[in-house]
Amino acid sequence: MEIHPTAIVHPKAKIADDVQIGPFSIVEENVTIGQGTKIGSHIILNGWTTIGKNCTIHMGCVIGHEPQIKNYEEKESYVVIGDNNIIREYVTIHRGWKEGETTNIGNDNYIMANAHVGHNCQIGSGVIITNSALLAGHVIVEDKAIISGLVGIHQFCRIGAFAMLGGMSAIVQDVPPYMLVDGNPAVVHGINTVGLRRAGFSQELRHHLKTAYKILYRSNLNTSQSLAKIEKELPSLPEINHLIEFIKKSKRGICCGKGEN
């Protein structure tokens, strides 16, 4: 264990033997840090926070602090961060709101400088959250989504797998999986073709997803009719089924298509 002499580490904190903790960082009593993780300088880890293996947390981050809720009362709630995450400068990640609730971040994520992950957010794996993106409370982000710089996401919104959110977009409804959205408020412009190709999606699968997009956004059908048509006309592939189920479970509705009201 390599702890800088100016760091303050509570003796009851659970820290793996090879963890590095930099100058002027504070690690409070109920924090757990896994093997191979590097904690930079001027970082505060508090609350009931668990950080997995081989993470790198850069200077100035605050992780596990109380949620930004007026008249909040101190309760035992959690931040759980998985393995192999990179968290850049001055990121804030707040713990769950009510007793026993958790803010979860999966594995292999890259969260860039000044981003905020609010209370009760559920972040999957392989997600990129770019500089100064703001995730309000209870936001869900599925695997491999990309959130560009200065994006603001309204509380309780869901971001589907492999979706791409353009810079400075305002997200006030759910973003379906595999889609490309942009604007204020954000609208769907098509499927995330480049991202899907880079992720290894076959040309045939991309074609099916593009067909699903056209049915959803270009057929003049309502959402229920569009989903019924997709189920009837497209093959029952995991990705198509996931798109359908994601939309069926939406409580805020999905983002409009370009040119729609």
By how many nm would the segment from Leu237 to Thr56 grow when fully extended, if each residue of separation counts as 0.36 nm and the alpha-carbon distance is taken off?
-> 61.5 nm
Loop-resident GluC sites (Glu not before Pro) in the range 1-77 with no more than 15 other Cβ atoms inside 10 Å, DSSP not H/G/I/E/B, are Glu29, Glu73, Glu74, Glu76
Could you pull out the trypsin sites (Lys or Arg not before Pro) across the range 3-53 that fall in loop regions by DSSP (anything but H, G, I, E, B) with no more than 11 other Cβ atoms inside 10 Å?
-> Lys12
Any idea how many Lys pairs in the range 2-138 come in under 29 angstrom at the alpha carbon, given 8 or more places apart or on separate chains?
-> 14
Choice from Thr223, Thr56, Thr92 with maximal GNM fluctuation in the chain (Cα, 10 Å cutoff) | Thr223
Positive end of the charge dipole of the chain (Lys, Arg +1 and Asp, Glu -1 on Cβ, about the Cα centre): tell me which of Tyr72, Met1, Ala163 has its Cα farthest that way.
-> Ala163
For the range 197-248 the mean separation of alpha carbon contacts under 8 Å (6+ apart) over residue count, i.e. relative contact order in percent, is 28 percent
Who wins for biggest fluctuation among Gly40, Gly100, Gly152 in a Gaussian network model of the chain, springs between alpha carbons below 10 Å?
-> Gly100
Give the distance, in whole Å, between the Cα centre of the range 208-248 and the Cα centre of the range 7-47.
-> 47 Å
Helix-derived [θ] at 222 nm for the chain: sum -39500 (n - 2.57) over DSSP H runs of at least 4, divide by residue count, nearest 500?
-> -5000 deg cm²/dmol
Straight-line reach from Lys144: which aspartates and glutamates have a Cα under 12 Å away, not including same-chain ones fewer than 8 places off?
-> Asp108
Among the lysines, which have Cα under 17 Å from the Cα of Lys229 when same-chain residues fewer than 8 positions away are ignored?
-> Lys210, Lys214, Lys248
At 7 Å along the Cα-to-beta-carbon direction for both Arg252 and His10, put a label point, then send me their distance in nm to one decimal.
-> 3.3 nm
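Throughout, read-outs are computed from the coordinates displayed, never taken from laboratory work. Keep in mind it's a predicted model, so treat the numbers as computed, not measured. Cβ atoms come from the backbone with ideal geometry, glycine included; neighbour counts cover every protein chain shown.
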